[in-house]
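Just so it is clear, none of the values below were taken in a lab; they were calculated from the coordinates. Bear in mind the structure is a predicted one, so any value in this text is a computation, not a measurement. Here the Cβ is made from the backbone with ideal geometry for all residues, glycine too, and neighbour counts use every protein chain on show.
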Amino acid sequence: QKLFIGDQVLRITAESHEQIALLQELQGLEHLELDFWREPVRPSLSVDVRVPFASLQPVRVFLQSHGIQYDVMIDNLQVLLDSEMEEMNHSRQ
Amino acid sequence: RQRNTDSFDYSSYHTLEEIYSWMDSLIAEFPDLVSKLTIGSSYEKRPIHVLKFSTGGTNRPAIWLDTGIHAREWITPATGMWTAKKIAQEYGQDPSLTAILNKMDIFFEIVTNPDGYTFTHTTNRMWRKTRSISSGSSCIGVDPNRNWDANFGGPGTSSNPCDDTYKGPFAHSESEVKSIVDFILRHKNVKAMVTIHSYSQMLMYPYGYTSTPTPDADELYAVAKSAVDALGSLHGTKYTFGSMISTIYPASGTTADWGYSNGIKYSFTFELRDTGRYGFLLPADQIIPTAEETWLALMKIMEHVRDHPY
């Protein structure tokens, strides 16, 4: 079973089309294995991306160095999944 | 021990087996209204079931609803189950719904991507595609919402089998999609098609692949507005609405565009709520509020379809 320990989901707010273009560039970096839940399209729509633990550092550096605003929507994905699973087991019982 | 749909916990997420067993219970409880059709099977040979709500007649005009095409969006089948129960329960009680069902049938596919859904429960909670194998690639699965024959392979799709928006080798290559296409084309009298996703709080209509408005854009705008207003009246959830391309992004090969291009004027796609900022990992205690508010919007759409035959 695939685990997501330490993976974070970032909500990114681009302020311009230039920043959207940068996010699209980020999206193309396959080695980071990013999972875009909401794609970079236009500044009015926030972007949500799941970032594997191993890619957190480079992604944060990328965002900060380009002045792109973001906040952490889910701090540790696996914790949320564990509690979801626990809730389901409880419900099943 | 026999379970019934009253004791079922709608405020939790359930496995495919639990959902399929729940369907059978619903049919047993409402035998004069609800039946089950198996319209095909998935890549991994799981049956694809559709609930049919019908008060009689032959080949009546119909409304198609589906939830869960992107496997990991668990809130959508959860909303679908609550909604299906509501339809069954309210027939004969709610005059408006009763009038809809006295005139039309409703077909409801609650788990549109059973393989993907099972995979999210057993192996990878983040899976969103089908589970078909692509020749020449080690990556698995096709995005079933890019696989329809509506500008297939155009903007907003990927040709890379490793991407989440991989369109597939050809339109309707996925049996999960083909089963619906065959069913709807064979039926010939489907008047509305609503596909339910999560989680951007949007109600959209065609097109997704072109910014050219449909000939029915004004009417679809008005229907979407009234649906979104109704939805927001319950918990204040704010939806945006409009054509898919103007509201979210260019996307080709989508369900809603296929529906419209095949003569289904009232073709919509929902993106359910994101209250709590959890994306499609919506906390289970939000299932019922989500379903309740969505119901109000669905009713507006279905009422409009009932009152505007074409």
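Computed quantities for the displayed model
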{"quantity": "J(HN,Hα) series, the stretch B:104-116, from Karplus relation 6.51 cos²θ - 1.76 cosθ + 1.60, nearest Hz, glycine and proline x", "calculated": "9, 9, 10, 10, 9, 9, 7, 10, 7, 10, x, 5, x"}
{"quantity": "Peptide B:272-285 - average C-beta neighbours from other chains (10 Å radius)", "calculated": "4"}
{"quantity": "Additional length obtainable on full extension of the chain from B:ASN160 to B:ASN102, 0.36 nm per residue less Cα span", "calculated": "16.2 nm"}
{"quantity": "Bins of 10 Å, starting at 0 and running to the largest distance - Cα pair percent for the protein assembly as shown", "calculated": "5, 23, 35, 26, 9, 2, 0"}
{"quantity": "Packing-based exposure ordering (other Cβ within 10 Å, fewest first) of B:ILE110, B:ILE248", "calculated": "B:ILE248, B:ILE110"}
{"quantity": "Phi to ³J(HN,Hα) by Karplus 6.51 cos²θ - 1.76 cosθ + 1.60 over the stretch B:47-53, Hz, x for Gly, Pro", "calculated": "x, 9, 9, 10, 7, 10, 9"}
{"quantity": "Relative packing of peptides B:138-149, B:56-67 - highest average C-beta neighbours within 10 Å first", "calculated": "B:138-149, B:56-67"}
{"quantity": "FRET efficiency for B:SER7 and B:SER226, using Cβ-Cβ distance with R0 set to 35 Å, rounded to 0.05", "calculated": "0.50"}
{"quantity": "Taking N as its residue count, the alpha carbon Rg of the stretch B:76-214 over 2.2 N^0.38 Å", "calculated": "1.20"}
{"quantity": "Amide proton proximity set for B:PHE152, modelled H, under 5 Å, gap of 5+", "calculated": "B:GLY253"}
{"quantity": "Inter-label distance for A:LYS2 and A:ASN89, nm, one decimal - labels placed 7 Å from Cα along Cα-to-Cβ", "calculated": "2.2 nm"}
{"quantity": "Whole-Hz ³J(HN,Hα) from phi, Karplus 6.51 cos²θ - 1.76 cosθ + 1.60, for the stretch B:158-171, glycine and proline x", "calculated": "10, 9, 8, x, 7, 7, 5, 9, 4, 7, x, x, 7, 4"}
{"quantity": "Normalised per residue, the volume of the convex hull around the Cα set of chain B (Å³)", "calculated": "122 Å³"}
{"quantity": "Packing-based ranking, highest mean first, of B:73-79, B:184-190, B:294-300 given that Cβ atoms within 10 Å are counted", "calculated": "B:73-79, B:294-300, B:184-190"}
{"quantity": "Shielding by other protein chains, A:85-91, mean Cβ within 10 Å", "calculated": "4"}
{"quantity": "Principal semi-axes in Å for the stretch B:206-248 [√(5λ), Cα gyration tensor, largest first]", "calculated": "22, 12, 5"}
{"quantity": "Helix-only [θ]222 nm of chain B, DSSP H runs n ≥ 4, -39500 (n - 2.57) each, per residue, nearest 500", "calculated": "-11500 deg cm²/dmol"}
{"quantity": "Residues B:THR195, B:THR247, B:THR98, sorted so that the one with the fewest Cβ neighbours within 10 Å comes first", "calculated": "B:THR98, B:THR247, B:THR195"}
{"quantity": "Amide H within-cut-off set for B:THR214, under 5 Å, with H built and near neighbours excluded", "calculated": "B:TYR207"}
{"quantity": "Net charge contributed by nearby residues that have their C-beta within less than 15 Å of A:SER16 (K/R +1, D/E -1)", "calculated": "-2"}
{"quantity": "Amide hydrogen neighbours beyond the local backbone of B:PHE268, cut-off 5 Å, H modeled", "calculated": "B:MET193, B:VAL194, B:THR195"}
